[in-house]
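**Q** Once you've had a glance at the structure underneath, I'll fire off some questions.
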Amino acid sequence: MSQILASPPDPKSFALQLWALARQVPPGKVVTYGQLAAWMLPPPGVTAEDYKVSGSRWVGVAMSRCPGDVPWQRVVNAQGRISLPKEHGGERQRQMLEAEGIIFDSRERIDLKHFGWSGPGTGAES
């Protein structure tokens with residue numbers, strides 16, 4: 001049975017790998033927390049099953065602490081929504097995404113099929 005793990009065994013190493021991946025997301029594209037987690041290997045000592053349960057949360061925590069050169073605004077939830085409350089950066093995130101040409105629908109969602117990035121090695125327009 002899988003379990004929710006509070007943090008990766010080596011949070012710093014996990015975050016550095018994650019931020020390197022997030023830096024590859026091109027302007028005008030977005031990814032989800034779950035996609036970023038899925039594109040990374042489970043850390044040593046963590047089963048694939050446990051990582052599947054915990055990885056997205058770890059991504060969220062690491063992205064909340066990312067350095068300024070990481071395009072944090074391009075990471076959204078699985079529904080294509082901004083996860084941050086407006087008063088805690090959500091409005092800024094939306095403005096940054098709109099400045100990149102990303103459009104929100106009437107339900108405050110981004111069309112992930114149109115604006116979603118397919119991942120590393122797929123090119124900027126994937």
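Computed from the coordinates by the stated procedures, all read-outs in this text should not be read as laboratory data. Just so it is clear, the structure is predicted and the values come from calculations on it, not from any experiment. A quick note on method: Cβ atoms are made from the backbone with ideal geometry, for glycine too, and the neighbour counts reach across all protein chains shown.
**Q** Does the range 7-77 come out rounded, prolate or oblate, given a ≥ b ≥ c as the square roots of the eigenvalues of its C-alpha gyration tensor, rounded meaning a/c under 1.5 and, failing that, prolate meaning a/b above b/c? All intermediate terms of the calculation are to be shown ahead of the outcome.
**A** Details: a/c = 2.12, a/b = 1.58, b/c = 1.34.
Note, shape of the range 7-77 comes out prolate.
**Q** Let me ask something else about it. Which whole-number percent is the relative contact order of the range 1-59 (Cα, under 8 Å, 6+ apart)?
**A** Details: 47 pairs, mean separation 32.2, N = 59.
Relative CO of the range 1-59 lands at 55 percent.
**Q** A follow-up question, please. Using only the Cα atoms, work out Rg/Rh for the chain, with Rh taken as the Kirkwood radius, to two decimals.
**A** Reported Rg/Rh (Cα atoms, Kirkwood Rh): 0.96.
**Q** Determine, for each peptide in 1-7, 79-85, the mean count of other beta carbons within 10 angstrom over its residues, then list the peptides with the highest first.
**A** Per-residue Cβ counts within 10 Å, averaged per peptide and sorted highest first, yield 79-85, 1-7.
**Q** What distance in nm lies between label points placed 7 Å from Cα along the C-beta direction at ASN77 and ASP10?
**A** A separation of 3.2 nm, rounded to one decimal place.
**Q** Of all GluC sites (Glu not before Pro) in the range 61-126, which ones are in loop regions per DSSP and have a Cβ with at most 11 other Cβ atoms within 10 Å? Before the final figure, lay out the partial values.
**A** Numbers: sites: GLU87, GLU91, GLU98, GLU100, GLU108, GLU125; in loops: GLU100, GLU108, GLU125.
Here the sparse-neighbourhood loop sites are GLU125.
**Q** Hey, what did the chain get for relative contact order, percent, Cα under 8 Å, at least 6 apart?
**A** With pairs under 8 Å counted, the relative contact order is 31 percent.
**Q** Using only DSSP helix segments of four residues or longer, with each worth -39500 (n - 2.57), what per-residue ellipticity at 222 nm results for the chain after dividing by its residue count and rounding to 500?
**A** Theoretical 222 nm ellipticity from helices: -11500 deg cm²/dmol.
**Q** On a C-alpha basis, how far is the centre of the range 46-95 from the centre of the range 17-32 in Å? Whole number, if you could?
**A** One Cα centre to the other: 11 Å.
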